[in-house]
Amino acid sequence: MTTAALQVTDLACRRGGRRVFDGLSFSVKGGELLALTGANGSGKTTLLRALASLGRADAGTIVWQGADIAWLGHLDGLKGDLTVRENIDVAERLRGVTPDRQRIEAALASFDLAALASRPVRTLSAGQRRRTALARVAASQANAWLLDEPFNALDMASQKSLRAVLAQHLAAGGLAIAATHVSLDMPGARSLELGA
Amino acid sequence: MTTAALQVTDLACRRGGRRVFDGLSFSVKGGELLALTGANGSGKTTLLRALASLGRADAGTIVWQGADIAWLGHLDGLKGDLTVRENIDVAERLRGVTPDRQRIEAALASFDLAALASRPVRTLSAGQRRRTALARVAASQANAWLLDEPFNALDMASQKSLRAVLAQHLAAGGLAIAATHVSLDMPGARSLELGA
Amino acid sequence: MTAFAALFRRDLRLVLRRPGDVVVVLAFFVVATTLFPLGIGPESNLLARIAGGVLWAAALFAALLSLERLFASDYEDGALDLLLLAPGALELAVLAKCASHWIVTGLPLALLAPLLGVAFGLDGQSLAAVALTLLVGTPTLSLIGGLAAALTLGARKSGALLALLALPLCVPTVIFGTGAIEAIATGEGFGVHLAILAALALMALATLPWGIAAALRLAGE
Amino acid sequence: MTAFAALFRRDLRLVLRRPGDVVVVLAFFVVATTLFPLGIGPESNLLARIAGGVLWAAALFAALLSLERLFASDYEDGALDLLLLAPGALELAVLAKCASHWIVTGLPLALLAPLLGVAFGLDGQSLAAVALTLLVGTPTLSLIGGLAAALTLGARKSGALLALLALPLCVPTVIFGTGAIEAIATGEGFGVHLAILAALALMALATLPWGIAAALRLAGE
Amino acid sequence: MTPKRRRLWLLLSSLGVLGVAAALVLYSLNDNLVFFYSPSQVAQKHPGPERRFRLGGLVVEGSLQKNGQEARFKITDLKGELPVVYRGLLPDLFREGQGVIAEGTLGADGVFIAREVLAKHDENYMPPEVAKALKESGRWQEGSGKK
Amino acid sequence: MATLHFLANPARFRRFSARVLPALSVVTALAVAVGLVWALAIAPPDYQQGETVRIMFIHVPAATIAMGGYVLLAVLGASLLVWRHPLAALMARATAPVGATFTAVGLITGSLWGRPMWGTWWVWDARLTSFLLLFFLFLGHIALSNAYDDSERGDKSASILAVVGAINVPIIKFSVDWWNTLHQPASIMKLGGPSIHPTLLYPLLWMMATFALLFVVLVLLRTDTEIDRRRLEAAEAAA
Ligand code: HEM
Ligand SMILES: Nc1ncnc2c1ncn2[C@@H]1O[C@H](COP(=O)(O)OP(=O)(O)OP(=O)(O)O)[C@@H](O)[C@H]1O
Ligand SMILES: Nc1ncnc2c1ncn2[C@@H]1O[C@H](COP(=O)(O)OP(=O)(O)OP(=O)(O)O)[C@@H](O)[C@H]1O
Ligand SMILES: [Mg+2]
Ligand SMILES: [Mg+2]
């Protein structure tokens, strides 16, 4: 895995004629986890989408280096009629990558999804579904993870699994940015509070 | 507000040919809050839906007394093209009740939505949206609240508001059942762990 | 009854959020019907003969185009749960939704049809027939379409099959609708056709809401 | 290229798991086309003359009917974000989606049309012409409809708006499609028409994916 | 492949496809995609008696005979001629020597039975006195607007 | 493009239009007056059509400017998509209804003219059909740009439509050459010079210029209103 680096300078976003944030500058590099915190509506999602170039930034620059991005938004992008494994598999192929069987099985295992792997996602519980989306990210060979409230709907055990997976990703030199209301006490984690 | 009471005896639910839970018996009455806890997939949502008679129960009995139910599911049922206030208003009317202006304004205020009240819900952030759905419940004159993971996507301040609103509801003799992964330390709260 | 009115108005409001949206629906009819002669050729007496079919086909298309989403959006965003929980009869709620749907598709088409009919070279009596048959017949389309939409909710394959069966239910309505215009051409009145259309609409009104409500309850589970 | 195939297969699989949407479209096609013989009565040479136009108009409506959801479901469940982020060209992804849409609507329509044509009293050569022109022409409809669907993502009244935008752009295709059947009746071949339909399809293929991709990027913002 | 090169590739293949499309159009344009047929085309094609089509051309000078409601005249494309019979009102611009388009069927006797006659106006505009002068000076060309 | 670049900033556009509009309006009004007198009273009747030919003085300029209007719309759309000119969006919003109106005028006058000349109001020949499509494209543009709560989204979506739809313009223009149409081929821009006698040609050209002026004045006026409306929206959002 090549390491990724992100440099953001003086970023501003407006939505509906209102300033969400401006003058935002920070940088993140491989092995680091940036937690975006802040009240509801402070702009975490807006920032994440801008970083992924899914959303429009109104000023400033976003420079990625050597990044291959995996995305998890508020909406998980899972297809209810496909099974857990199919969803993960198809997501990898869409990223233009041949799915790595072993990685996928490992990701499924770390989110305790092995037993559910051939169930259509439609029949999953909310937390099981969120875990599927997380497993999709973990299974990807991407080095930069952008996660919007990954802890949503997870039970305690799964939250622990997610921390473990994140730690492993960082240890392997990966970079992650996560919007969250849960405090992330992890080595390598910093936090950026929006709307403060 | 008349007080509601719920008596559940020997309840069993199956989904997709699998037992989700069985032999479940408990009772809740006015002034009580029952927290449904348990791992992802342990059946909290299934139970809540069965209690609201949205889902099918396969055995056992559910007996409500004097209950008027307000529902908040994983999906919030808000219409993106209507404003926050219109959504709350329409939900009340659908319940066959003339909306109570004052209650609505109070509910909006307690979830800090006054400034957003005339924004289409589509333009809200995830947490703002969840708060709107909660305000809808708080604004209803229902005496039995069924909430599926009400703390999802809320920031710290809003979580506190929700606790305050719940306490107020209980104090007024209301009944509430909430599926949650957050521990609820509140007077009048009991918890029922599923799948244990 | 207030719940009925509330749902009816909510749906109307969702649709009428801006007055321009109605214009879009009307424009759609105009475009859809004016483009038909293209395929068929400009021969005017032929056009007049198929005018009934064209207007009815446009009505059917319009009904289905928007009906597919009639319950799907409520299903997908959880609003269907709120409907199912409402204390009023679900059958009435269903009726409210179909009625508001009709107001924004069937009704404008029926009102616009005489104008479009002029472009097809219809005479006065045929114009009246077109407008009246559409007025009486389109509610049936809205209800049948509603049934198909409710049946396809969720993932049951049987739902698709039932929807396939539901659509041919539109055939009688369409037959008598276009037949009315035909009847005028042969010098008969269209009173009988209108009566039959009304009977079909009333039958649909009396029976389909039960079916739709049942299908929705299944989808909720 | 693997991404293209993956998306293509994903969409096909999704449709097969939930055949209701396609089934409704085909049912609409059948009902809409059978409606005309009913309106006109059994005068067979008149029927044969309008057959081409009717089949093409019904095919156009049917194609548009299903196109509304082409990108909408991906938009609503967040899968569009994954598409936009995929490193492959979005233009190709768009093509994959339109292709899979065509496989489940345009292709069945083209196969079904000769059967319906028999009911209109078309002769063998005309039946071949109907099937071939639909086969070559419907991809254009899928692409144009795809553009309209992408442009109207998240818009109010998207169904009617989609039809309003797409119908005019589809006119040339429909003209040449029906023209082919006309031409046979005059004893000419329909080779020229087929060539122009193919040219239109290629033009759509070369240009529209760019527009659709641009529209989708807008929707993601 | 870098994104830039891929876009270039896509662009080039798009252009290639467009080229094929253009070739197809060019191939088809020299054939018969028409609003109406000319008499000589009709002579080649022998449309059946059931078949309605449009016939276009110039009204042959001196061929018009009116008999109450019925009008008989000939249409020419300067290569072939076809007799036409029509019952009904002729448009204002219907003149001998002018373009017309008639819609109808070809009778068994080879006479075109028109149901509708449209006048096709050419692209020449001039005051009457100029037209007269031109005619007198002999520089007037019959059907000068037609290709 | 140079002028557009110069005017890309709405404020600068405001100053420009405030300076130019009054004079331009007066000139246009004068041109209309002169043109009407010339076309209706002075120009001779046609040798074939008689007085009916006077419809030409409305029909041809309206049709030509309508097509020009669509080209402008497509150019504005492209410059919004490529260079993100903020003014392009506003101007496109201003242009579409004006263009639609000119198209409608062309359709109506053509139809009124066709009844006496051809003997029919309407046929589905290539010229008439493609011109009707132009009208629908304008309508689609208007509908699409108003279909979103976020007007920026509407602007950009409509731009894509404008650019894609531009292919229709050459089809309208050359339809009369490529296919046998009932509609006449070109009279003015044709090989070998115009086939309209100067006594009819000059008032026609005058009316063309007049309609072009009218179009420009209307678009400038409406752009001004659009700027006001956008400012109001921004102020409301900020409040
Ligand atoms: C509804 C019917 C009609 C429509 C939609 C229509 C449309 C058009 C269009 C789009 C143009 C092109 C303008 C340009 O190339 O800049 C045009 C030009 C013209 N039309 Fe029509 N037209 C109609 C009927 C007529 C009729 C009945 C006549 C006269 C017999 C007529 C005479 C002309 C002339 C003289 C021109 C100018 C040709 C040139 O020099 O380019 N049009 N029309
Ligand atoms: N179209 C719009 N019009 C007006 N305001 C908007 C629009 N879209 C977003 N906003 C506002 O932009 C702000 C940022 O939203 P964003 O979704 O980024 O918040 P967030 O930090 O992710 O919140 P949450 O914790 O609730 O997910 C919010 O206040 C939201 O209301
Ligand atoms: N159609 C189905 N087929 C098979 N299993 C199903 C089906 N529907 C639900 N289940 C299973 O039923 C169980 C209960 O799901 P439920 O949604 O009630 O869980 P939950 O406790 O709410 O979980 P979460 O905390 O993730 O929201 C889950 O294990 C789920 O996988
Ligand atoms: Mg957020
Ligand atoms: Mg749950």
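The values are calculated or read from the model by the stated rules, or taken from the named source; none is laboratory data. For clarity, every value in this text was computed on a predicted model and none was experimentally measured. Backbone-built Cβ (ideal geometry, glycine too); neighbour counts: all protein chains shown.
Values for this structure:
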read-out: Checking F:PHE57 against (1) under 18 Å from the mean Cα position of the chain (by Cα); (2) away from chain E (no Cβ under 14 Å), the condition it does not meet; value: (2)
read-out: Some residue of segment B:120-137 being in a helix (DSSP H, G or I), assigned by TED's automatic domain parsing to the domain that holds B:PHE21, among the aliphatic types (A, V, I, L, M) and within 16 Å of ligand 4 (Cβ to nearest atom); value: no
read-out: B:LEU6 away from ligand 5 (no atom under 16 Å from the Cβ), surrounded by 15 or more Cβ atoms within 10 Å (Cβ to Cβ) and part of a strand (DSSP E or B); value: yes
read-out: Options B:GLN141, B:GLN168; residue that is in a loop (DSSP other than H, G, I, E, B), more than 14 Å from A:ASN40 (Cβ to Cβ) and out of contact with any helix residue (DSSP H, G or I) (no Cβ under 6 Å at 6 or more places or on another chain); value: B:GLN141
read-out: Residue check, B:LEU134 within 14 Å of chain A (Cβ to nearest Cβ), modelled with pLDDT of 95 or more and within 16 Å of ligand 3 (Cβ to nearest atom); value: no
read-out: Selection count, segment A:19-44, where residues are within 20 Å of B:ALA115 (Cα to Cα) and within 16 Å of ligand 4 (Cβ to nearest atom); value: 9
read-out: Breaking point among (1) away from chain E (no Cβ under 12 Å); (2) surrounded by fewer than 24 Cβ atoms within 10 Å (Cβ to Cβ); (3) assigned to a helix (DSSP H, G or I); (4) of a type outside the set (D, E, K, R), for D:GLY154; value: (3)
read-out: Subset of segment B:77-86 that is more than 9 Å from every other protein chain (Cβ to nearest Cβ) and assigned to a helix (DSSP H, G or I) - its residue that is surrounded by the most Cβ atoms within 10 Å (Cβ to Cβ); value: B:VAL84
read-out: Count of segment A:19-65 residues which are within 13 Å of ligand 2 (Cβ to nearest atom), closer than 30 Å to F:ALA235 by Cβ and among the hydrophobic types (A, V, I, L, M, F, W, C); value: 9
read-out: Residue list for segment D:41-51, restricted to those being facing another protein chain (nearest Cβ under 7 Å) and crowded, with 19+ Cβ neighbours inside 10 Å; value: D:ILE50
read-out: All positions within segment B:164-181 that are closer than 26 Å to A:THR37 by Cα and surrounded by fewer than 17 Cβ atoms within 10 Å (Cβ to Cβ); value: B:ALA164
read-out: Filtered residue count, segment A:65-76, keeping only those that are part of a loop (DSSP other than H, G, I, E, B) and in contact with a strand residue (DSSP E or B) (Cβ under 8 Å, 6 or more places away or on another chain); value: 5
read-out: Number of positions in segment B:144-177 that are away from chain A (no Cβ under 14 Å) and either within 11 Å of the chain's Cα centre (by Cα) or within 16 Å of ligand 2 (Cβ to nearest atom) (or both); value: 7
read-out: Residue within segment E:71-85 that is surrounded by fewer than 18 Cβ atoms within 10 Å (Cβ to Cβ), part of a strand (DSSP E or B), at pLDDT below 85 and over 16 Å from the mean Cα position of the chain (by Cα) present; value: no
read-out: Meets criteria (under 22 Å from F:ARG115 (Cβ atoms) and within 14 Å of chain F (Cβ to nearest Cβ)) for E:VAL130; value: no
read-out: Those residues of segment A:87-96 which are among the β-branched types (Val, Ile, Thr) and at the interface with another protein chain (Cβ under 8 Å from one of its Cβ atoms), in sequence order; value: A:VAL90
read-out: Some residue of segment B:22-35 being away from ligand 5 (no atom under 14 Å from the Cβ), in contact (Cβ under 8 Å) with a residue 40 or more places away in the chain and touching a Cys at 6+ places or on another chain (Cβ under 8 Å); value: no
read-out: A:LEU47 within 14 Å of chain B (Cβ to nearest Cβ) and away from ligand 3 (no atom under 16 Å from the Cβ); value: yes
read-out: Residue in segment D:164-202 that is nearest to the chain's Cα centre (by Cα), counting only those that are hydroxyl-bearing (Ser, Thr, Tyr) and under 10 Å from D:THR133 (Cβ atoms); value: D:THR173
read-out: Qualifying position, being out of contact with any helix residue (DSSP H, G or I) (no Cβ under 7 Å at 6 or more places or on another chain), within 12 Å of chain B (Cβ to nearest Cβ), surrounded by fewer than 23 Cβ atoms within 10 Å (Cβ to Cβ) and not in a helix (DSSP H, G or I), among A:SER42, A:SER53; value: A:SER42
read-out: Only listed residue being aliphatic (A, V, I, L, M), closer than 25 Å to B:HIS74 by Cβ and within 16 Å of ligand 4 (Cβ to nearest atom), chosen from A:LEU78, A:LEU72; value: A:LEU72
read-out: Tally, over segment F:140-155, of residues that are in a helix (DSSP H, G or I), within 7 Å of another protein chain (Cβ to nearest Cβ) and buried (at least 24 other Cβ atoms within 10 Å of the Cβ); value: 3
read-out: Test: residue in segment C:192-199 that is farther than 30 Å from C:LEU85 by Cα, modelled with pLDDT of 80 or more and within 13 Å of chain D (Cβ to nearest Cβ); value: yes
read-out: Given (1) out of contact with any Phe, Trp or Tyr (no Cβ under 9 Å at 6 or more places or on another chain); (2) without any contact (Cβ under 8 Å) to a residue 12 or more places away in the chain, number of the condition E:GLU123 does not satisfy; value: (2)
read-out: Residues satisfying the stated conditions in segment D:72-131, i.e. surrounded by fewer than 21 Cβ atoms within 10 Å (Cβ to Cβ) and either at positive phi or among the polar types (S, T, N, Q) (or both); value: D:SER73, D:GLY78, D:GLY121, D:GLN125
read-out: Filtered residues of segment B:160-183 (kept if away from ligand 5 (no atom under 14 Å from the Cβ) and more than 14 Å from B:VAL28 (Cβ to Cβ)); value: B:LYS160, B:SER161, B:LEU162, B:ARG163, B:ALA164, B:VAL165, B:ALA167, B:GLN168, B:ALA171, B:ALA172, B:SER183
read-out: Scan of segment F:110-125 for residues that are in contact with a helix residue (DSSP H, G or I) (Cβ under 8 Å, 6 or more places away or on another chain) and assigned to a helix (DSSP H, G or I), ordered by number; value: F:GLY110, F:LEU112, F:TRP113, F:PRO116, F:MET117
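Residue-wise test of (1) among the aromatic types (Phe, Trp, Tyr); (2) without any contact (Cβ under 8 Å) to a residue 24 or more places away in the chain.
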position: B:ALA106; (1), (2): no, no
position: B:ALA114; (1), (2): no, yes
position: B:THR123; (1), (2): no, yes
position: B:TRP145; (1), (2): yes, no
